[in-house]
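Colleague: This is the structure I want to talk about, given as structure tokens.
The values are calculated or read from the model by the stated rules, or taken from the named source; none is laboratory data. Computed from a predicted structure; not experimentally measured. So basically every Cβ, Gly included, is an ideal-geometry build from the backbone, and we count neighbours across all protein chains shown.
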Amino acid sequence: METQLKFELLGILLMFLVALGLAVPLGRYIANVFSGKHTFFDPILSPVEKLIYRCCGIDITREMNWKQHLGSMLVLNFVWLIIAMVILMTQKWLPLNPEKIPNMPFDLALNTAISFLVNCNLQHYAGESGVSYFSQIFALMFLQFVSAATGIAAAIVLFNALKSRTTQMLGNFYHYFVKACVHILLPLSIFVAAILLFGGTPMTFEGKNKQHFIARRHLTSSHRPCSRFRCHKTYWHQWRWVFRSKLRTSV
């Protein structure tokens with residue numbers, strides 16, 4: 001017992017040391033991204049960023065005041081809320097649902113969509129029986145990703161206001177949001193997801209796996225696309241919702 005406790009404490013200490021070690025280089029990288037300086041990933045990510053601007057008609061030279069920033073953020077989040085609710089309430093008829101999970105009722109879909117939209121991740125359902133793969137990827141995982149980018153963009157606006165001591169000419173919200181998605185969250189997600197995937201974290205769209213035993217018993221285990229969920233830094237403390245129970249035993 002004492003040995004196990006020592007390993008756990010060592011793991012906590014190691015986690016804090018790694019976080020402190022990454023804080024300086026990652027902080028410099030984020031500062032370079034939003035200050036317009038050249039970064040290592042620019043040759044790969046800048047074309048993606050410009051493509052998003054062209055497809056969405058975003059004019060990054062258009063300056064916004066604090067009210068326009070707030071309005072843009074609220075409208076964008078309201079659209080995501082509606083899309084997530086529609087997906088959750090129609091998941092029974094959507095693809096990537098091998099376990100035939102039924103549609104969510106309106107109240108549960110509203111609660112779930114809002115909680116993930118504000119990065120609260122409150123769940124009143126079992127992850128392996130309440131949402132389909134399609135809902136997990138295109139509703140919940142999407143909200144986890146963009147909610148982090150929204151927070152980063154809002155923080156940049158606040159920093160600009162404090163630095164300039166003004167509420168006018170604070171840059172463009174959509175510019176900050178896309179930069180956060182493309183230059184920060186996307187490479188981090190790919191890197192961490194690859195580590196988890198090669199480490200054996202499940203990443204599959206197959207249904208539940210049944211293991212039969214001699215005593216007429218079987219274990220039913222859910223796999224699900226877990227590695228892509230765990231990769232988001234906004235979600236590292238909230239991955240438990242994917243499975244309410246790792247193994248379900250029945251006679």
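Colleague: Under 9 Å between Cβ atoms, which residue pairs at least 6 apart in sequence (or on different chains) link something in region 13-39 that is more than 14 Å from I184 (Cβ to Cβ) with a partner that is surrounded by 10 or more Cβ atoms within 10 Å (Cβ to Cβ) and not small (G, A, S)?
Modeller: H38/N32
Colleague: A follow-up question, please. Among the residues of region 121-130, write down those that are assigned to a loop (DSSP other than H, G, I, E, B) and more than 16 Å from the chain's Cα centre (by Cα).
Modeller: H124, Y125, A126
Colleague: If a residue must be at pLDDT below 95 and small (G, A, S), how many such residues does region 77-93 contain?
Modeller: Within region 77-93, residues that are at pLDDT below 95 and small (G, A, S) number 0.
Colleague: Another one. Out of curiosity, is S115 under 30 Å from H175 (Cβ atoms), among the small types (G, A, S) and surrounded by 15 or more Cβ atoms within 10 Å (Cβ to Cβ)?
Modeller: The answer is yes for S115.
Colleague: Right, something else. Suppose we filter F116, F106 for residues that are within 20 Å of L74 (Cβ to Cβ) and either in contact with a strand residue (DSSP E or B) (Cβ under 7 Å, 6 or more places away or on another chain) or of a type in the set (F, W, Y) (or both); which single one remains? I'd like the intermediate steps shown before the answer.
Modeller: On the way: F106 fails: within 20 Å of L74 (Cβ to Cβ).
After applying the criteria, what remains is F116.
Colleague: Let me ask you something else. Cβ-Cβ distance below 8 Å, separation of 6 or more or different chains: which pairs start in region 157-171 with a residue that is surrounded by 13 or more Cβ atoms within 10 Å (Cβ to Cβ) and end on one that is hydroxyl-bearing (S, T, Y) and part of a loop (DSSP other than H, G, I, E, B)?
Modeller: A161/T167
Colleague: Let me ask something else about it. Which members of region 45-76 meet the condition of being aliphatic (A, V, I, L, M) and surrounded by fewer than 11 Cβ atoms within 10 Å (Cβ to Cβ)?
Modeller: Selection gives L74, V75.
Colleague: Moving to a separate point now. I need the full set of residues from region 155-210 which are more than 30 Å from K100 (Cα to Cα), in a loop (DSSP other than H, G, I, E, B) and of a type outside the set (D, E, K, R), in order please.
Modeller: T166, T167, Q168, M169, L170, G171, N172
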